[in-house]
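In what follows, a structure is listed as C-alpha cells, so that the remarks can point back to it.
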Amino acid sequence: MNIDAILTGFELIMTPVSLGLIFMSVLLGVVIGALPGLSSTMAVALLLPFTIGMEPVVAISMMAALYCAGTFGGSITAILINAPGAPPAVATALDGYPMAQRGEAGRALGIAAISSVCGGLLSLVAFIIAAPLLSKVALSFRPQEYFALTLFGLSMLAAISGKSAPRNLISGMFGVLVSVVGIHLVTGVERFTFGTNFLYDGIDFVPVLIGVFAIAELLKQADARDAAIERIKDVAIRLPGMEDMRRIWKTILRSSAIGTIVGILPAEGTTVAAIMGYNEAKRWSKTPEEFGKGCIEGVAGPEAANNAGTSGAMVPTLALGIPGSGTTAVILAALIMHGFRPGPFLMRETPEILYAIFIAMLIANFAFLFIGLAGAKVFSMITLIPRTFLWPAVFCFSIVGAYAYQQQMFDVWVMLISGLIGFVAMRHGFGPAPFVMGLVLGGLLEKNWSQSMIIFDSNWLLFFNSWIGNLFFALTALSLLSPVIGMLYRRARRRGQGATATAGRAPLPPGD
C-alpha cells in the first residue's frame with residue numbers, strides 16, 4: 001500500500017470546493033435514485049458534459065459519489081411504493097415494501113441506510129488497502145470462470161422470492177428466454193426479432209425493470225381501488241436499535257463480503273450483488289419463512305451487498321480499464337475524456353488519482369447517510385399522497401425514465417407491455433424478481449458460454465480445468481441440491497426424535 005499516494009489523494013479531495021461538489025452530487029444521486037425509472041447511470045451520463053471544465057480528479061469524484069448515492073436512493077421508493085428507483089433495489093423491495101405496508105417505513109429506511117453505509121465502508125477500506133492485489137485476482141477471471149459464476153447465480157432462482165419454487169423457476173426461465181432476443185454475437189443469427197430493427201440488440205433491461213415493478217404495481221393498486229387505502233403511519237426516523245443490530249450485523253458482514261467479491265468482477269455489477277446478498281441472507285436465516293413478509297435481514301442483506309458492490313465495480317474500472325457496471329462504463333469514458341489512462345498504467349503512474357476517488361466515495365457514504373436519515377421523514381411523506389395523485393405521477397416518471405434511457409418510444413412500449421405481463425403474472429403467483437434475475441444473468445451466461453466454446457474449440461470438458469470455475473460449479477450443485485439435502489435432514493431428524501420419544505416411554509405394566 002502506497003501511503004504517500006493515499007495522502008496525496010486525500011489532499012486533492014479535502015478542499016472546500018471539492019467537498020461541496022461531492023455533497024451536491026450525493027444529494028442529486030439520492031433524489032434521482034429515489035425516482036422510479038431514473039437511474040444513477042443516466043445521471044452520471046447527464047453530468048459528464050458539465051465536468052469538461054472541472055479539475056479531472058474533482059469531476060471523476062463527483063461521478064463516483066453520485067454512483068454511490070444513486071444506488072442507495074433506489075431503495076427509498078422500493079421500500080415506500082414498491083417501485084425500485086435503481087436496479088439493485090429490486091431485492092430490497094421484497095421485504096422493504098411489506099415493512100412499509102405494516103407501518104414500519106421509517107424503520108426500513110433506517111436499516112437500509114445503516115446497511116448501505118456499512119457495506120460501502122467495509123468494501124472501501126478493503127479496496128484502499130488491497131486494490132493492487134484484487135486487481136490481479138480480477139484479471140485472472142476468464143469467460144469460463146464468469147460462466148460458472150453466472151450459473152451459480154441462476155441456481156438461486158427457486159429460492160429468491162415467493163412461496164412456490166416451481167413458479168420461481170418458470171418465471172426465471174422466462175427471463176432467460178427474453179434475454180436471448182436479438183442477433184447472436186457469434187453466429188449472427190436473428191432470434192425472436194420478427195423483422196423489427198429495434199430488437200436486433202435485444203430487449204434492454206431498464207424499461208423491463210420499470211414495467212414489471214412500477215407499472216405492474218400501479219395496475220395492482222388500480223385493481224384494488226375499492227380496498228381501504230393504506231397509510232404508512234411510521235414516518236419518523238428510526239435508526240436500528242440494539243435488537244435490530246443484533247439480528248442484522250452478521251447479515252451485513254456476509255453481504256458486504258459478497259458485494260465486494262461480486263463487485264470486483266467486471267460486468268457483474270451491483271444488481272447481481274444485491275440479489276446474491278438477499279439470497280444468502282435468506283439461506284443463513286433461522287427464520288427463512290419470514291422473508292418476503294417484511295424481514296429486516298431481507299432489507300439489510302441486499303443494501304449492504306449493493307453498496308459494497310459499487311466500490312468493487314470501481315476497481316476493475318480503474319485498475320484494469322474494464323467497466324464493472326453500466327455506470328462505471330460512463331465513468332471510464334469520463335476518465336479517458338479527462339486524459340487519464342485507465343488500467344495498470346493508472347495504478348503505476350498516478351496511484352494518487354485512484355485513492356482520491358476511493359476517498360471521495362468514502363465521504364459520499366457518510367454524506368448519503370446524513371441525507372438519507374435527515375430526509376427519511378420527507379421521503380416517507382410520499383406514501384401520504386393520495387393514490388389518485390401518486391400513481392399517475394409514478395406513471396409519468398416511468399414513461400420519462402423509459403424514454404430518456406435511449407430516447408426512443410420503443411422502450412416505452414416495452415415498459416408498458418412488461419408491466420401488463422408482470423401484472424398478470426403477479427395475479428397468478430409468479431414473482432417479478434426471478435424474472436428480472438433470469439433476464440440479467442441470461443445474457444451474461446450465453447455470452448460467456450459462447451466465448452468459452454470458441455476458446456475451447458467446442459470442447460466443453462475444458463470448463464473443468466479451472467479451480468475457480470470448479471469451485472462455482474460445486475457451489476451450484478450444493479445450491480440445487482440444498483432442498484433435497486434439507487428434506488433428508490429434516491426427515492432423519494424427525495426419525496431420530498421419534499426413536500428418542502419411543503425409547504423414553506415407560507414400559508406398560510403386565511396385564512395392561
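The values are calculated or read from the model by the stated rules, or taken from the named source; none is laboratory data. Computed from a prediction, not measured in an experiment: that's the story for all the values here. Cβ placement follows ideal geometry from the backbone for every residue including glycine, while neighbour counts extend to all protein chains displayed. The accessibility values were calculated without ligands, DNA or RNA, using every heavy atom of the protein model including side chains. Shrake-Rupley method; radii C 1.70, N 1.55, O 1.52, S 1.80 Å.
Worth pointing out:
- Single condition residue 324 does not satisfy, out of (1) part of a loop (DSSP other than H, G, I, E, B); (2) at pLDDT 80 or above; (3) buried (at least 24 other Cβ atoms within 10 Å of the Cβ); (4) not basic (Lys, Arg): (2)
- For the range 177-221, a residue qualifies if it is surrounded by 17 or more Cβ atoms within 10 Å (Cβ to Cβ) and of a type in the set (D, E, K, R), and the qualifying residues are 204, 217.
- Residue check, residue 308 open to solvent by less than 20 Å² (accessible area, probe 1.4 Å) and modelled with pLDDT under 80: no
- Pairs where the first residue, in the range 456-469, is more than 18 Å from residue 150 (Cα to Cα) and the second is aromatic (Phe, Trp, Tyr) and surrounded by 15 or more Cβ atoms within 10 Å (Cβ to Cβ), C-beta under 9 Å, 6+ apart: 456/463
- Looking across 417, 454, one residue alone is farther than 15 Å from residue 177 by Cα, out of contact with any Gly (no Cβ under 9 Å at 6 or more places or on another chain) and open to solvent by 60 Å² or more (accessible area, probe 1.4 Å). It is 454.
- Conditions (1) assigned to a helix (DSSP H, G or I); (2) surrounded by 18 or more Cβ atoms within 10 Å (Cβ to Cβ); (3) hydrophobic (A, V, I, L, M, F, W, C): number failed by residue 430: (1)
- Residue check for residue 359: at pLDDT 75 or above and within 18 Å of residue 91 (Cα to Cα): no
- Leading residue by the ranking (modelled with the lowest pLDDT) among those in the range 1-12 that are surrounded by fewer than 16 Cβ atoms within 10 Å (Cβ to Cβ) and among the hydrophobic types (A, V, I, L, M, F, W, C): 1
- Extreme residue, modelled with the highest pLDDT, among residues of the range 114-152 that are in contact with a Leu (Cβ under 7 Å, 6 or more places away or on another chain) and of a type in the set (S, T, N, Q): 150
- When each of 332, 318 is tested for being aliphatic (A, V, I, L, M), within 23 Å of residue 50 (Cβ to Cβ), at pLDDT 70 or above and touching a Ser or Thr at 6+ places or on another chain (Cβ under 7 Å), the lone residue that passes is 332.
- For the range 436-448, the count of residues that are open to solvent by less than 80 Å² (accessible area, probe 1.4 Å), more than 13 Å from residue 150 (Cα to Cα) and touching a Pro at 6+ places or on another chain (Cβ under 9 Å) is nonzero.
- Residue pairs whose Cβ atoms lie under 8 Å apart, sitting 6 or more positions apart in sequence or on different chains, and linking a residue in the range 273-284 that is open to solvent by 10 Å² or more (accessible area, probe 1.4 Å) to a partner that is not in a helix (DSSP H, G or I), are 275/156; 275/160; 276/156; 282/291.
- Put simply, of 92, 41 the only residue that is β-branched (Val, Ile, Thr), part of a helix (DSSP H, G or I), closer than 28 Å to residue 218 by Cα and open to solvent by 10 Å² or more (accessible area, probe 1.4 Å) is 41.
- Residue tally, condition among the β-branched types (Val, Ile, Thr), closer than 18 Å to residue 56 by Cβ and either open to solvent by less than 30 Å² (accessible area, probe 1.4 Å) or touching a residue at least 60 places away in the same chain (Cβ under 8 Å) (or both), over the range 13-35: 2
- Yes/no for residue 404 being modelled with pLDDT under 75 and either charged (D, E, K, R) or touching a helix residue (DSSP H, G or I) at 6+ places or on another chain (Cβ under 9 Å) (or both): yes
- Filtered residues of the range 44-76 (kept if open to solvent by 10 Å² or more (accessible area, probe 1.4 Å) and among the β-branched types (Val, Ile, Thr)): 52, 57, 58
- Test set (1) more than 19 Å from residue 95 (Cβ to Cβ); (2) at pLDDT below 75 - residue 238 fails condition number: (1)
- Some residue of the range 462-483 being closer than 21 Å to residue 189 by Cα, in a helix (DSSP H, G or I), over 25 Å from the mean Cα position of the chain (by Cα) and modelled with pLDDT of 85 or more: no
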